[in-house]
Every structure is written in C-alpha cells, then in structure tokens.
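What follows is one structure encoded as structure tokens, with my remarks underneath.
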Amino acid sequence: MPDGMPLRRFPLEAGAAEAGRRLRRFVWTMRQGWPILLVGAALGVVASVAALRLVAPQYTAVMVIGPTARVGAAAMGARLPVLIGRETAAAASEPGPGDEILSDFARYLQLFTSIPVAERMMADPLLLRGLFPDRWDEEAGAWRPVPGPTASAKRLFLALVGRSDWVEPDAERVASALRERLTVDMVGSGPMRRLRLRHADRAMALRLLSAAAQATDAHLRAEASRRSAAQIAHARARLVGITVAEHRRALADLLSEQERIAMMIEVDLPLAADAIEPPAAAQRPDWPNPLTVVPMAALVGLVAGAFAASLRRLWRAGGEAGP
C-alpha cells in the first residue's frame with residue numbers, strides 16, 4: 001500500500017470519529033434529561049387539548065368544478081357557438097406578453113371571491129348573518145360591534161388614531177370573508193378545481209359555497225348577456241343604413257349569429273363551470289382534526305424538551321469550566 005494512502009484516509013476517519021462522539025454526547029444528554037423530554041411532550045399534549053377545547057369545530061363543505069363541458073353524454077353547458085382556428089385566438093386572447101388566453105373558467109375562478117359576486121350574495125340576509133355571526137344581534141335584529149375585550153381594545157385604538165371599526169358588512173367585507181374561508185386546490189394535473197369552505201354550521205357552509213358558485217355563474221351570464229345585447233343593437237342599427245346587398249347579407253349573418261348566442265346564454269345551464277361534484281360536507285366537524293393536532297403538538301413539545309435539555313447541559317458545562 002502506498003505511504004500516502006493512510007494520510008488521505010485519516011481526515012475522513014477523524015471526521016467519522018468526531019460525528020460518533022457528538023452522537024453519543026447527544027444520546028447521553030437525552031438520557032440524562034428524559035424528565036424534561038417527558039414534560040415537554042406532556043405540555044404539548046395539554047396545550048393542544050386546551051386549544052381544541054377553545055377553538056370552535058368547523059365543517060368543511062367541498063365541491064369540485066371544471067370548465068363547462070360541451071361534448072360528451074354528460075355535457076351540461078349551454079350549446080354556444082365554438083370558434084375555431086384564428087378566430088378562437090382572436091376572441092380569447094388578451095393583450096399582454098405572449099397573448100395570454102383568458103377563458104370563461106379562469107374568469108369564474110377569479111370572480112368567485114370578488115366584490116361583484118359578494119354584492120349578489122348580499123341579497124340574502126341569512127348569508128350575511130352566517131358569514132358574520134358574532135356581529136349579528138338576534139334579539140335586537142340589527143348589526144352590532146363585536147363584543148369582548150379584544151374587540152373593545154381594537155375599537156379604542158382605532159378611535160385614538162381617528163378611525164372607526166365597521167359594524168354592518170358591505171361587499172368588500174363579504175368578499176374578504178369569502179377569501180379567508182375559501183381554498184382552491186387543483187385536482188390532479190387537469191383543469192378541475194376542488195373548492196373548500198369552512199364554517200361552524202354545516203348547513204351554512206353548504207349554503208355559502210352553493211350561493212357563491214351560483215352568484216359567480218349569474219354574474220358571468222349577466223355580463224355575457226349585456227355584451228351580446230350591445231352587439232345585437234349595434235348590428236341592427238348599422239343594418240338600417242346599409243344598402244349594398246353583399247354588406248347587408250354579411251351583417252345579417254353576423255346578427256343572426258349574435259342572436260343565437262344571446263338565446264343560448266338564456267338557457268338555464270352552467271355557463272362557465274360545471275359542478276363535477278356538488279357541495280357536500282361530513283356529518284361531523286372535521287376541522288381541526290384532533291388526530292393530527294395532538295400528535296404534532298406532542299412532537300413539538302418533545303423537540304422543545306430536547307432543546308431545553310441541551311441548553312441545561314451547556315449551562316452546566318459552562319459553570320464547571322468557569323472560575
């Protein structure tokens with residue numbers, strides 16, 4: 001064996017030996033500080049149980065949506081004319097880098113928690129009371145400030161800086177509450193989305209999710225109908241003043257196509273998104289999940305105990321090495 005081989009292996013062996021010594025010191029520290037580990041895990045369990053007692057359990061309403069299907073046996077979308085080729089790109093593209101394509105389904109997802117949809121949902125007083133139960137006084141039948149010391153301190157702080165807290169919810173508050181409660185996840189790698197909305201009342205969770213979906217589709221339908229009506233009115237006005245037969249024929253074809261689109265928009269079918277799975281919720285609260293919260297809290301307490309045991313060992317080592 002060459003003379004240089006042991007010299008090259010020596011740093012590796014020294015590093016392995018040092019790692020082994022550190023591991024043995026850590027194990028020894030944990031064995032000496034096992035009461036601290038036990039106390040940390042127990043405190044984590046107690047804290048998680050107390051938190052579960054304090055936090056109101058909630059139901060999760062779930063629905064799966066996808067782009068409106070126009071083909072297949074289960075197609076539920078209104079049979080709107082489908083453009084092909086360059087006409088599709090011209091109709092669907094939006095100005096911007098790369099000519100991004102913005103579909104009706106993308107608009108649907110963006111508008112789900114928007115202010116226009118919130119304004120439609122505000123027509124149902126029960127939905128407002130369900131979104132803000134702590135601000136509704138059932139006995140007085142009116143909106144009130146949130147009770148409690150924390151809310152009072154917040155109102156006092158706002159008063160000191162010349163502001164005031166809101167009492168009756170508006171569209172912006174409704175949209176913000178929906179964004180806080182709603183989560184959107186992809187289903188696999190396809191275009192479908194899974195919507196989740198949590199609420200302490202199971203019936204209200206289902207009602208809120210269903211109402212938001214219906215209000216979003218209704219808003220898109222109203223906007224499509226408005227644009228179609230404007231194009232039909234413009235085509236009819238231009239048709240009156242045109243005398244060239246070829247131009248009148250082309251404009252009449254365009255008017256006929258727009259009237260067909262307007263008629264299909266009025267069909268009572270999903271316009272932008274199909275409900276692949278309608279809103280559903282478990283019969284019992286599923287959030288927070290004790291089977292997940294308690295073990296995780298115990299693990300966090302165990303790690304905190306290990307950190308405390310290590311600090312105690314370092315403190316003692318420093319005291320022994322001191323004057």
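The values are calculated or read from the model by the stated rules, or taken from the named source; none is laboratory data. Model, not experiment: these values are computed from the prediction. Please note: Cβ atoms are built from the backbone with ideal geometry, for glycine as well, and neighbour counts cover all protein chains shown. Only protein heavy atoms, including side chains, enter the accessible area calculation; ligands, DNA and RNA are left aside. Shrake-Rupley method; radii C 1.70, N 1.55, O 1.52, S 1.80 Å.
In terms of its alpha-carbon gyration tensor, segment 107-195 comes out prolate; a/c meets the 1.5 threshold, and the first ratio a/b outweighs b/c. Average accessible surface for segment 165-230: 51 Å² per residue, computed with a 1.4 Å probe over protein heavy atoms with every protein chain in place. Compactness of segment 231-323, taken as the C-alpha radius of gyration over 2.2 N^0.38 Å, stands at 3.00.
Full extension of the chain segment joining Arg129 with Leu299 gains 57.3 nm, where the gain is 0.36 nm per residue of separation less the Cα-Cα distance. Of Ala230, Pro285, Ile242, which is farthest towards the positive pole of segment 222-288's charge dipole, taken about the Cα centre with +1 and -1 on the beta-carbons of Lys, Arg and Asp, Glu respectively? Working it through, the farthest residue towards the positive pole turns out to be Ile242.
Each principal axis of the Cα atoms in segment 161-272 has its own extent, and those three values, largest first, are 66, 47, 25 angstrom. Taking amide H positions as placed in the peptide plane 1.01 Å from N, state which residues far from Gln58 in sequence (5 or more) or on other chains have amide H under 5 Å from it. Answer set, sorted by chain and number: Asp286, Trp287. Separation of segment 121-140 and segment 169-246, taken as the distance between their Cα centroids, equals 23 angstrom.
Name the residues of segment 105-122 whose amide N is less than 20 Å from a point 7 angstrom out from the Cα of Ala218 along the C-beta direction? Under 20 Å, as judged by backbone N against the label point of Ala218, lie 105, 107-122 of segment 105-122. Using the Cβ-Cβ distance between Asp185 and Leu269 with R0 set to 30 Å, the FRET efficiency from 1/(1 + (r/R0)^6) comes to roughly 0.70. The portion of the accessible surface of segment 203-323 made up by carbon and sulfur, rounded to a whole percent, is 63 (1.4 Å probe; DNA, RNA and ligands excluded).
With both labels modelled 7 Å from their Cα along Cα-to-Cβ, the Ala50 to Leu102 distance reads 5.1 nm.
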